[in-house]
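Each value in this text was obtained by applying a stated rule to the coordinates, not by laboratory testing. Source: prediction; values computed, not measured. Every residue, glycine among them, receives a Cβ derived from its backbone with ideal geometry; neighbour counts consider all protein chains shown.
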Amino acid sequence: MEKSKVIVYRKIPTRFLEKLQKHCDVAYFEEINEQNHDDFNRHLANADGLLGSTMKITNEILDRAPQLRVVSNFSAGYDNLPIDELTERRIIATNAPDALTDTTADMIFGLLLTASRRISELDRYIRAKKWHEEITESEFGLDVHHKTVGIVGMGRIGRAVAKRAALGFDMKVLYHKRTRDEKAEKQYGASYCGLSELLQSSDFVCLTIPLTSETFHLIGEAELNLMKKSAILINGARGAVVDQVALIQSLKNGTIFGAGLDVFEQEPLEHKSELLSMENVVLLPHIGSATKETRSRMVDHGIKNLQQALQGETPMNLLNPSVLETDGTV
């Protein structure tokens, strides 16, 4: 039987590449750039599957791949995939949300702790040799335990954050999503509320929602103005969920106490960004899932989704189920 032709367009560990090559004819690119773009386009003509993440899958790419059957993202986020267009073309789309839940929740809580206790700021303080005597109130941070955390988006990652907050730090948990999560309410004492109420009542606001047309700039000037002056915003979702210009202004004028950001509207963050000079914001280079163990699991899940789709099976993380006919095939 002829092997399916697959393009891998992001660097993956050698052992996973070799695993994939046993079953598929693989064209491997660690990244797509000006030097290899023509070669990538050439392989698209016969590609049955694409495996990678982050890179925007455009109509131009899809037009060059007439026999494409599946696009497998080995990340939880899938704002790089045109789901409606893929469905229209009867191309399966998958992601890998289960592989990174706890790791991303750990990172979100790390940002929360770092921003509230001013850990990064005071690390810089001591490295700058400013520690000459006991610190004063101007260097004090804020408590985390017994406070209120508001989680916008109670999906897998949101529930993992709620677990850490409620069981680890005895925090009150508020959450906002389209539908109630009775399991989270029972397990973590979480309370469902509207977005405005959550913003007004929370000491920490954690964003864990996907980026869609509905969530673009969900948090803007009006929403930031609803938050407590002592509140901290944590964005572990996607940069464009927050109006970054409005956030910068809120941090500058003291509308909120601080922020912890793993994602930005433009990535990498521009070197001229005002965020770089602000002491009341913790910045990370989009590392929510960036541990050795988790990145390996993500690739493994991505390959499994890809192979299931190519074999005519229903992938475990199918994003567009309507692409399947009643018999479960495409």
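Quote the relative contact order of the chain in percent (integer), defining contacts as alpha-carbon pairs under 8 Å separated by 6+ residues. Intermediate values should be presented prior to the final figure.
Numbers: 610 pairs, mean separation 61.0, N = 330.
For the chain, the relative contact order is 18 percent.
The separation of the stretch 187-204 from the stretch 60-124, counted between C-alpha centres, amounts to 25 Å.
Restricting the GluC sites (Glu not before Pro) of the stretch 256-330 to loop positions (DSSP other than H, G, I, E, B) with no more than 14 neighbouring Cβ atoms within 10 Å leaves Glu270, Glu279, Glu313, Glu325.
According to the square roots a ≥ b ≥ c of the eigenvalues of the Cα gyration tensor, what is the shape class of the stretch 59-209, taking rounded for a/c under 1.5, prolate for a/b larger than b/c otherwise, and oblate for the remainder? Taking the square roots of the gyration eigenvalues as a ≥ b ≥ c, the stretch 59-209 is oblate. Before anything else, pin down the relative contact order of the stretch 101-283: Cα pairs under 8 Å, at least 6 apart, normalised by residue count, whole percent. Computed over the stretch 101-283, the figure is 21 percent.
Relative contact order, percent, of the stretch 52-127 when contacts are C-alpha pairs under 8 Å separated by at least 6 residues?
Computed value for the stretch 52-127: 27 percent relative contact order.
Could you tell me which label, among (1) 1.02; (2) 0.97; (3) 1.06, carries the value of Rg/Rh (Cα atoms, Kirkwood Rh) calculated for this structure? It is the one labelled (1). Shape of the stretch 142-256 from the C-alpha gyration tensor: oblate (a/c of 1.5 or more and a/b not above b/c, with a ≥ b ≥ c the square roots of its eigenvalues).
Dividing the summed helix terms, -39500 (n - 2.57) for each DSSP H run of n ≥ 4, by the number of residues in the chain produces a 222 nm estimate of -9500 deg cm²/dmol to the nearest 500. Only one residue of Ala222, Thr101, Tyr188 has its Cα farthest out toward the positive end of the dipole of the stretch 101-283, where Lys and Arg carry +1 and Asp and Glu -1 on Cβ, and that residue is Tyr188.
Among the GluC sites (Glu not before Pro) found in the stretch 96-176, those both in a DSSP coil and sparsely packed, with 12 or fewer other Cβ atoms within 10 Å of their Cβ, are Glu133, Glu134.
The modelled label-to-label distance between Thr179 and Asn33, using points 7 Å beyond Cα along the C-beta direction, is 4.5 nm. Qualifying GluC sites (Glu not before Pro) in the stretch 27-86, where qualification requires a DSSP coil assignment and no more than 16 other C-beta atoms within 10 Å, comprise Glu30, Glu31, Glu34. Full extension of the segment from Asn253 to Asp84, taken as 0.36 nm per residue of separation minus the current Cα-Cα distance, would add 56.8 nm. Computed from point charges on the beta carbon alone (+1 for Lys and Arg, -1 for Asp and Glu), the dipole magnitude for the stretch 125-217 about its Cα centre is near 540 Debye. Extension gain for Glu293-Ser230 works out to 19.1 nm (0.36 nm per residue, less the C-alpha to C-alpha distance). Note on Lys172: lysines with a C-alpha under 22 Å away, same-chain residues under 8 apart excluded, are Lys147, Lys163, Lys183, Lys186, Lys228, Lys229.
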